[in-house]
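Here is the structure we will look at, set down as structure tokens.
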Amino acid sequence: MNWSRFSVALIIVTLLQASFVDAISIAGIKPNLLLVVLVFFAIYANPTEAIITSFIIGFAADVALGTTIGPHIIGFGLFGTLLSNLNRVIAIRQVQYQCLAIFATGFFSGLAVWLLTAIRRQPLGHNVTAILLQMPLYSSLVGPILFIPYAWWMNVNLHRFSRQQS
Amino acid sequence: MARKQFKVSRQMLFTWFMLTGFIFLISPQSLISQFHFAFARIFSWPLGVGRSISLSAQMPQSHAEQFKQAEARYQNHIANLEFELQEVQQKLEKLTQMRQRRPLEGAKLILSDIIMSNFDGTHNELIINRGFDDGLAVGQFVLGNNSVIGIVSEVSSRTARVKLITDGTSNMVVKVEGQKLVRLMQGVGNNRAKIGLVKAKINLGSKIFTEKKPGYLDSPMIIGSVTGCLKDDDNPLLWNIMVSPACEIERLTDVAIMIMNPND
């Protein structure tokens, strides 16, 4: 993995998520671009890299989206790692499975974020429906399309059909 | 000499990162805010550009809308002056012999650009590019289009967080136009606030003013207007008054922070 390319991509996506994503919101529902990046690296990076990227993306999500730091680190780190492990058993290469993976990761990580934010007694950015359903759904629809520029930037072959090696 | 490779197992790596996450989670909010402020400060330019593009893409502003905004700004100013006049007249009646200090006479307004904004759900806040180096402090009132839109909630050296009046954790003492009723207004998110458990129905469109707060605001200022009156679910004899801000906060690109008596 080229970590400098990963850093540049992450900074750009974090800035887009923090400021620009309102422009593509539909009825107040916004996609979570960082969730899409999380799933991309969980699928296409090796397991060790997937763990590191999941936690770093979680940190970026907390800085860009949250009122506190920690919930996204834990939520994204946990479910990004689980998805990476799942990808060693079932190769997630087809678009419909990638959509499902983004939705499921968004739902479960959103649940974790919601619970951890509630523990910290901090206001949550969105309502529960938006976090658990609307945002993951929108992200899952745009996710596989966004995989193409990410794959180009990271020099990843999207059509390579193989399960991850441990 | 061959360099020894430092190898960590995946389980250990995962455990370390999880532990880091939990340490962040239990860290004090003042420390956590430093990360948010640092992000906003370092990337203030791209964030500002992104927000401008986002605003223009969302709602392209026509001339009619620009006039509407300007009209709202003047209407708010007129409402503030009328209320000030009313207050002064009341005081003059009581204290005719005493010299009256003009409201906002000692106030200093500091203009600030909005770096980041958040209007999702009940979490409504702004991050602005002024901090305690510019004289900002927690509790100061923030104005947009001559109306109160929020309060400074956290300050760093060059950035500050503004809790908007519509934020779920916002509480503000307010007064209804033409009434002596002083109530607590709470933010409920989605660009609205609520005055709970009022005995009498209030006319739609009535203006709501912040109550003065010594050291922060010497004179009431317009904060919003009544957009709905709903019967309370638990006590149908009482009303919940829904209030919308006096300006379109989402469309603001800059705000003014009111610093009372800056030379003190």
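What the table below lists for this structure:
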{"item": "Top-ranked residue of the stretch B:190-209 - restricted to ones that are more than 20 Å from the chain's Cα centre (by Cα) and at negative phi, ranked as most open to solvent (accessible area, probe 1.4 Å)", "result": "B:Lys199"}
{"item": "Every residue from the stretch B:23-34 that is at the interface with chain A (Cβ under 7 Å from one of its Cβ atoms) and over 23 Å from the mean Cα position of the chain (by Cα)", "result": "B:Phe24, B:Leu25"}
{"item": "Only one of A:Leu83, A:Leu115 that is open to solvent by 10 Å² or more (accessible area, probe 1.4 Å) and within 12 Å of another protein chain (Cβ to nearest Cβ)", "result": "A:Leu115"}
{"item": "Sole residue being away from every other protein chain (no Cβ under 14 Å) and within 18 Å of A:Leu34 (Cβ to Cβ), chosen from A:Pro136, A:Pro71", "result": "A:Pro136"}
{"item": "Scan of the stretch A:14-66 for residues that are within 12 Å of chain B (Cβ to nearest Cβ), β-branched (Val, Ile, Thr) and over 16 Å from B:Asn118 (Cβ atoms), ordered by number", "result": "A:Ile24, A:Ile26, A:Thr48, A:Ile51, A:Ile52, A:Thr53, A:Ile56, A:Ile57"}
{"item": "Any strands (runs of 3 or more DSSP E) falling wholly within the stretch B:92-189 and containing at least 3 residues that are modelled with pLDDT of 80 or more, open to solvent by 30 Å² or more (accessible area, probe 1.4 Å) and within 20 Å of B:Ala256 (Cβ to Cβ)", "result": "B:107-120, B:147-155"}
{"item": "Top-ranked residue in the stretch A:86-99 [being polar (S, T, N, Q) and surrounded by fewer than 20 Cβ atoms within 10 Å (Cβ to Cβ); ranked as nearest to the other protein chains (Cβ to nearest Cβ)]", "result": "A:Gln94"}
{"item": "From the options A:Leu78, A:Leu15, residue that is at pLDDT 90 or above, closer than 22 Å to A:Leu100 by Cα and either open to solvent by 10 Å² or more (accessible area, probe 1.4 Å) or not in a helix (DSSP H, G or I) (or both)", "result": "A:Leu78"}
{"item": "Leading residue by the ranking (nearest to the other protein chains (Cβ to nearest Cβ)) among those in the stretch B:35-60 that are of a type outside the set (A, V, I, L, M) and in contact (Cβ under 8 Å) with a residue 40 or more places away in the chain", "result": "B:Arg51"}
{"item": "Of the criteria (1) within 10 Å of the chain's Cα centre (by Cα); (2) away from every other protein chain (no Cβ under 14 Å), which one B:Ala160 fails", "result": "(1)"}
{"item": "Residues located in the stretch B:231-257, provided they are farther than 19 Å from B:Asn124 by Cβ and either surrounded by fewer than 16 Cβ atoms within 10 Å (Cβ to Cβ) or outside the structural domain of B:Arg192 (by TED's automatic domain parsing) (or both)", "result": "B:Lys231, B:Asp232, B:Asp233, B:Asp234, B:Asn235, B:Pro236, B:Leu237, B:Leu238"}
{"item": "Residue selected from the stretch A:44-54 under the condition hydrophobic (A, V, I, L, M, F, W, C) and surrounded by fewer than 24 Cβ atoms within 10 Å (Cβ to Cβ), by the criterion farthest from B:Thr15 (Cα to Cα)", "result": "A:Ala45"}
{"item": "Any pair with Cβ under 9 angstrom, 6 or more apart, that starts in the stretch B:175-187 at a residue that is on the phi < 0 side of the Ramachandran plot and ends at one that is at pLDDT 85 or above and open to solvent by 80 Å² or more (accessible area, probe 1.4 Å)", "result": "B:Leu184/B:Asn171; B:Met185/B:Asn171; B:Gln186/B:Asn171; B:Gly187/B:Asn171"}
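The values are calculated or read from the model by the stated rules, or taken from the named source; none is laboratory data. Only a predicted model underlies this, so the values are computations on that prediction, with no experimental measurement involved. Because the Cβ atoms are built from the backbone with ideal geometry, glycine has one as well, and the counts that use them run over all protein chains shown. Note: areas computed on protein heavy atoms with side chains; ligands, DNA, RNA excluded. Shrake-Rupley method; radii C 1.70, N 1.55, O 1.52, S 1.80 Å.
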